[in-house]
Amino acid sequence: MATAKKGQFTLFVAFALVLVVLIVLGYYILQQKNAGEEIAKIESIADARQAVEACITDTIEDNLYALGYNGGYVNKNSYTFSSFNTSYELLTVEEMQHNLKSSLERNVDNCGDILEATPYELILNGRPAVTVSFADTAIINVDSLGIIQQRDTAEIRETVTEMEKEFQVNIPQIHAIVEQIFDPEGILIESYDGYAINIFVSPEYSEELLEVHHEESGFVFRMTRIV
Amino acid sequence: MILTLSVSQSAEPPTSDGFNEGAEEVTAEEEQKTIDWSLYQNPEEGAEGEFLLTDDANGIAQVTPDQTICDAVGDCTIGFGTQNMEVQNGLVTGGLFTANAEASLLKVHNTLFDVYFDMSEGDTVEVADTSPRGTELDYFLNKLTEGIKALIQYDTGATQEFQASSNNSLYFIYKNETHFAITEGILTYTDENLTQVLEAGEENTQVEATKTGIKKGILYKNKTFSQKADLLNITIKNTENEEYVICTEASPDCQATLIDNVLVTNGKVTVLQDGLPLYETLDASAVVEMDFNTKILQANILKPNREEYLLLYVGHYQVIEGKGKMLLNPVKEEHASIVNTYISILNDRTILFNEGTVSYNTFKAFTPGSAGEDSCIAYRGEGNGYC
């Protein structure tokens with residue numbers, strides 16, 4: 001009887017081990033496949049350039065939307081951010097432009113990293129030149145980052161295109177809405193064409209969060225105020 | 001004996017309200033005999049000190065607190081001392097009474113009501129319907145010391161109670177049955193469906209009341225009127241006006257009316273629900289209609305002359321109606337969620353309150369932990385959009 005139980009236990013352990021090995025193996029194969037697909041997409045110097053340019057475009061968009069989500073800052077700073085993970089102070093439009101510009105200058109050259117596992121590499125021109133303009137639309141320009149060349153021969157190379165993206169996001173208008181809604185005496189009950197306003201309050205009633213949603217673009221500007 | 005009940009000179013009847021119009025003072029000097037207690041001694045063995053008045057008993061009597069006095073309908077009192085208890089047809093109708101520690105309820109009859117006084121040791125009550133000069137008044141005067149309750153019970157079972165809040169409290173019962181006046185005390189009407197409370201200070205506060213409730217009353221500054229019924233539990237506080245007339249039935253000179261669960265207020269006033277502010281008007285020209293049936297509040301400021309006109313509290317939010325704008329503030333203390341729609345005529349806004357959400361067109365504010373916030377977060381979890 002005892003021998004039979006021992007045998008059952010051994011069988012159970014063996015089965016569990018096989019299961020774990022299968023899961024690990026499956027995960028590894030999946031990872032390899034994904035990496036292979038990524039590389040497989042970049043089969044030419046043109047593919048490499050397009051991938052870098054797409055990355056620049058995504059970075060611009062991501063940074064712009066992060067700027068809105070974090071109340072004028074692209075990156076979160078835990079020392080100045082509220083329980084809603086956004087800023088307490090309303091920056092000027094110029095300060096926001098500056099923050100986005102600085103962030104892009106720091107981050108956009110990371111787009112060369114996507115070529116790491118490919119036969120190509122990005123040769124940077126130097127510090128990326130970025131201009132940001134917030135008016136009726138947000139226009140962001142990133143000068144050519146440099147050239148992409150094949151690692152084993154400098155003869156195969158292409159210049160990364162200067163990227164200019166325009167977003168239908170009116171930051172000065174959103175800024176004015178935030179200024180209006182955060183009235184010193186309270187939250188202004190107002191509606192604005194093309195925008196949705198959401199107000200949230202922290203469970204302790206110590207902070208209030210304002211979200212200005214631009215309906216057309218999906219851009220959200222968030223800001224916190226201490227109650 | 002000449003009937004000369006002592007009536008305080010300060011207990012002048014109100015004359016400027018119209019309640020007293022047509023009242024005619026009639027000289028009522030008449031000789032009164034002294035009650036001979038030996039005629040009314042309870043003959044039963046062991047009932048010494050108990051006296052049974054019969055309906056032929058009329059006159060003035062001196063009573064010591066150890067005497068038990070039973071009136072002609074069998075209601076008995078004990079624990080009161082008086083030099084001038086008036087008896088008419090075997091019923092106690094007036095006098096200056098002082099209670100001791102064993103005092104029972106004191107019943108005093110007038111031509112309209114039996115009034116019961118709930119008194120503690122040392123309390124005094126003075127009941128009269130003639131002036132010190134012997135002139136008949138058009139009201140019954142009850143002068144009470146602090147803490148005494150005077151109770152009237154209507155034949156419907158409803159009650160009216162006046163509780164004295166000082167040693168100079170006055171409770172006038174006019175001889176037309178529906179008019180009262182109170183000074184320094186609280187008048188409470190209660191029946192099975194309704195409780196109303198009117199507060200009076202030093203001013204002579206006039207009240208119209210019937211067996212169905214308080215119909216009209218004057219609120220002096222910082223005084224309140226409360227009404228508790230099925231749909232509402234409100235208190236109206238006169239915060240600014242010298243006098244503020246509240247009515248529970250239509251009348252031309254009312255500044256606030258509360259009829260069929262619809263409250264209309266004019267001018268500066270604070271309205272509380274369940275003891276917490278519902279709204280507060282800050283402008284003298286504010287007109288607010290609060291319909292407790294539909295939960296719609298409509299406000300208009302006829303001649304705005306301030307920066308802020310009205311404060312409304314719903315759930316965890318305060319709404320400020322101001323000059324050209326309306327503001328919202330979260331408040332930790334939860335107020336009644338009585339209002340579901342706030343219509344501002346002046347600012348041309350209709351603000352909705354539902355499930356902890358305040359909304360105006362595409363503006364929405366969410367109460368933490370509310371159903372509105374939950375549904376918003378769930379919705380955004382699906383689409384990352386706005387609520």
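Since every read-out is calculated from the coordinates, none of them should be taken as a lab result. No experiment lies behind these values; they were computed from the predicted model shown. Cβ atoms come from the backbone with ideal geometry, glycine included; neighbour counts cover every protein chain shown.
Which value in deg cm²/dmol, rounded to the nearest 500, describes the helix-derived mean residue ellipticity at 222 nm for chain B, given -39,500 (n - 2.57) per DSSP H run of n ≥ 4 and division by the residue count?
-1000 deg cm²/dmol
Past the 41 angstrom mark, what percentage of all C-alpha to C-alpha distances in the protein assembly as shown do you count?
55 percent
Give me B:ASP348, A:ASP58, A:ASP183 sorted ascending by neighbouring Cβ count inside 10 Å, so fewest comes first.
B:ASP348, A:ASP58, A:ASP183
Please name which of A:LEU122, A:ILE226, A:THR161 has its Cα lying farthest along the dipole of the stretch A:42-226 towards the positive end, using unit charges on Cβ (Lys, Arg +1; Asp, Glu -1) and the Cα centre as origin.
Working it through, the farthest residue towards the positive pole turns out to be A:LEU122.
Placing +1 on the Cβ of each Lys and Arg and -1 on the Cβ of each Asp and Glu in the protein assembly as shown, which of B:VAL197, A:SER44, B:THR212 has its Cα farthest towards the positive end of the resulting dipole?
Checking the options against the dipole of the protein assembly as shown, the answer is A:SER44.
At most 14 other Cβ atoms within 10 Å and a DSSP loop assignment: could you name the GluC sites (Glu not before Pro) in the stretch A:120-227 that fit? Before the final figure, lay out the partial values.
Numbers: sites: A:GLU121, A:GLU155, A:GLU158, A:GLU162, A:GLU164, A:GLU166, A:GLU179, A:GLU185, A:GLU190, A:GLU204, A:GLU207, A:GLU208, A:GLU211, A:GLU215, A:GLU216; in loops: A:GLU162, A:GLU185, A:GLU190, A:GLU204, A:GLU215, A:GLU216.
Those satisfying the criteria are A:GLU162, A:GLU185, A:GLU204, A:GLU215, A:GLU216.
Do any trypsin sites (Lys or Arg not before Pro) in the stretch A:92-165 lie in a DSSP loop with no more than 12 other beta carbon atoms within 10 Å, and if so, which?
Taking the stretch A:92-165 and a limit of 12 other Cβ atoms within 10 Å, the loop trypsin sites (Lys or Arg not before Pro) found are A:ARG151.
Helix B:371-383 versus the longest principal axis of chain B: what angle, 0 to 90°, nearest 10, using Cα atoms?
The answer is roughly 10 degrees.
What net charge is computed for the residues neighbouring A:ASN99, neighbours being all others with C-beta under 13 Å from the C-beta of A:ASN99, Lys and Arg scored +1, Asp and Glu -1?
Within the 13 Å Cβ shell, the charges total -1.
For the pair A:THR159 and A:ALA176, how long in nm is the line joining their label points, each one 7 Å along Cα→Cβ?
4.0 nm
Could you pull out which residues in the stretch A:164-184 have an amide N less than 14 Å from a spot 7 Å beyond the Cα of A:ASN141, following the Cα-Cβ vector?
Residues passing the 14 Å test: A:164-166.
Kirkwood hydrodynamic radius, computed over distinct alpha-carbon pairs, for the stretch A:42-226: how many Å, to one decimal?
For the stretch A:42-226, inverting the mean 1/r across all distinct Cα pairs yields 17.9 Å.
What percentage of all Cα-Cα pairs in the stretch B:148-190 are separated by more than 13 Å?
Percentage above 13 Å: 54.
Quick one: longest stretch of chain B between exposed loop trypsin sites (Lys or Arg not before Pro), exposed meaning at most 14 other C-beta atoms within 10 Å and loop per DSSP?
Counting at most 14 other Cβ atoms within 10 Å as exposed, the longest clean stretch of chain B is B:34-132.
Using Cα centres only, tell me the gap between the stretch B:119-163 and the stretch A:59-121 in whole Å.
Spelled out, the Cα-based centre of one part sits 79 Å from the other.
In peptide B:368-376, what is the residue-averaged number of other protein chain Cβ atoms found within 10 Å of each Cβ?
2
Which value, in debye to the nearest 20, gives the size of the charge dipole of the stretch A:39-186 about its Cα centre, when Lys and Arg are +1 and Asp and Glu are -1 at the Cβ?
260 debye
Report the full-extension gain for the segment A:LEU124 to A:LYS41: residue separation times 0.36 nm, less the Cα-Cα distance, to one decimal in nm.
Details: separation 83, 0.36 × 83 = 29.88 nm, distance 2.22 nm.
In short, 27.7 nm is gained.
Give, in nm to one decimal, the length gained when the segment between B:LEU194 and B:GLU177 is fully stretched (0.36 nm per residue of separation minus the Cα-Cα distance). Let's see the in-between values first.
Details: separation 17, 0.36 × 17 = 6.12 nm, distance 2.01 nm.
The B:LEU194-B:GLU177 span can extend by a further 4.1 nm.
If you wrap a convex hull around the alpha carbons of the stretch A:162-227, what volume per residue comes out, as a whole number of Å³?
Each residue corresponds to 104 Å³ of Cα convex hull volume.
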